[in-house]
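Visitor: The structure that follows is given in the form of C-alpha cells.
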Amino acid sequence: MIIRQAAFVGDVPFLKGNLHTHTTRSDGLSSPETVMRQYAHMGYDFLALTDHRRYNFTNYAPDTGLLLLPGMELDANLPGPGNHVVHMVSLGSDRKESNGFSHDQTFGSFFVDTAEAALPMFASIVEAHNLPIFCHPEWSGNTIDDIRAFPDISLMELWNSGCAVENGLDMHGAYWDELLNSGRRIYGVATDDGHQLAHNGLGFVRVRAEKNADSILDALRRGAFYASCGPTIQDFYVEDGQAVIVCSPVSLIRFRHFRVPYMQATGSSLKGHQVSVSPGTSYIRAEIIDSEGRMAWTNPIFLGEEMSKERP
C-alpha cells in the first residue's frame, strides 16, 4: 500500500502563490498594483494582499491574469519585555456571499495578557469563513505554548522572507515538529510578508488546485501543497515501510520526525532519496536544499492514514 502526501495526489497542475504580503494600504512601500505586477512578472498564479487590519477584495491589476485571494493580517500584543505578539493572516473566498468580511473593513490592534486571550481574534477569522495562518512565530517572540493556545489552527509559517532577510528568523519551521509530535495536524507554508519589493518572490507555496480562490483554500486546508524557496518536489510517499521523495536536483535531502534521527543524504545533484520509517513513527516529512542554499519542505504524511493506494 502507498500512502501519498496530499499534494501529490491527482493530476491537477500545481499553482504557485504567495499568501502574505503588504502594500501602501498599510505599512508596505509599494502600491497594490505595483506589487501585483511584480508577482505576475515572476510567474505567480495567485497572490493575497494581506495588509494590516484592513481587508482587501480588490484585484488592482486584473489584466495580468494573477488571481487575487482576499485577505488581511490581524494582530494582538502580548506582555514583553521585547517583541511578543500574535499575528494571523486571514484568507477568504472571493465570492462575497461566502466571506464574512468586506472590502476596506478595518480592525484595531489590541493588548492581551495571554495568548489564550487572543482566541476571539482567531474565532472572528473562522466565523467569517476565512482560513487563519499563524505568522512568523520566531519574529513574534512566541513560545510553543503561545501557538498551542490555538488548538484548531491548521497552518503556520515555516519561512517568512521579510523576517529571514532582515532578522535571520523564521527560516526553518521553529516548533513545527514539536506540534506534530504532540498530535497536532498542522501544515507549513512559506511566505514573503514583503514590505518592500526586494523581499518578494523568495518564499512561496505550490498548491494542487484549480485556479480559483475556493479551490486554493480547500487545498490549503487539506495540506495539498508544499512550501519552497526554489526547489521543486515531484512526489512524496511511503510504501512498504520506505519514505520516498522525488525532487529537482539538490545538494541535501533530509527526512524529519521528532526524536527520530534519520540520516540525511548529500551530493552534487540528488533527484530523490528514500529512508526506512522507524517503528512508532506517527508522521514523516522531508526537506531539501539546493546548491544555492534554497529550501523546500513537504507537508507531513500522517502514518496510518491512507491517502492513495496507487501511484499515478
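Visitor: Full extension from Glu116 to Thr34: what is 0.36 nm times the residue separation minus their Cα-Cα distance, to one decimal in nm? If you can, show how the numbers build up before the last one.
Guide: On the way: separation 82, 0.36 × 82 = 29.52 nm, distance 3.76 nm.
Taking 0.36 nm per residue and subtracting the Cα distance, the gain is 25.8 nm.
Visitor: Percent relative contact order of the chain, based on C-alpha pairs within less than 8 angstrom and at least six residues apart?
Guide: Values: 775 pairs, mean separation 60.3, N = 312.
It rounds to 19 percent for the chain.
Visitor: Roughly what angle does helix 32-41 make with the longest principal axis of the chain, taking Cα atoms, 0 to 90 degrees, to the nearest 10?
Guide: 20 degrees
Visitor: I'd like the Karplus ³J(HN,Hα) series for region 48-55: coefficients 6.51, -1.76, 1.60, θ = phi - 60°, whole numbers in Hz, and an x wherever there's a Gly or Pro.
Guide: 10, 8, 10, 5, 5, 6, 9, 6
Visitor: Order of 117-123, 215-221, 187-193 by packing, highest average Cβ count within 10 Å first? List each step's numbers first, then the result.
Guide: Numbers: 117-123: 17.7, 215-221: 19.9, 187-193: 27.4.
Output ranking for 117-123, 215-221, 187-193: 187-193, 215-221, 117-123.
Visitor: Which one is right for this structure if Cα Rg over 2.2 N^0.38 Å is calculated from it: [x] 1.21; [y] 0.96; [z] 1.01?
Guide: From the options [x] 1.21; [y] 0.96; [z] 1.01, the structure gives [y].
Visitor: Relative to the longest principal axis of the chain, what angle (0 to 90°, nearest 10) does the C-alpha long axis of helix 213-222 take?
Guide: For helix 213-222, the angle is close to 50 degrees.
Visitor: So what are the ³J(HN,Hα) numbers for region 69-76, from phi and the Karplus equation (6.51, -1.76, 1.60; θ = phi - 60°), rounded to whole Hz, Gly and Pro as x?
Guide: Running phi through 6.51 cos²θ - 1.76 cosθ + 1.60 with θ = phi - 60° gives 8, x, x, 6, 10, 10, 8, 9 Hz.
Visitor: Can you sort Asp290, Asp94 by how many other beta carbons sit within 10 Å, fewest first?
Guide: Asp94, Asp290
Visitor: What order do you get for Tyr237, Tyr226 when you list them from fewest to most C-beta neighbours inside 10 Å?
Guide: Tyr237, Tyr226
No value in this document is a laboratory result; all are computed from the given coordinates. Values in this document were obtained by computation on a predicted structure and should not be read as measured data. Backbone-built Cβ (ideal geometry, glycine too); neighbour counts: all protein chains shown.
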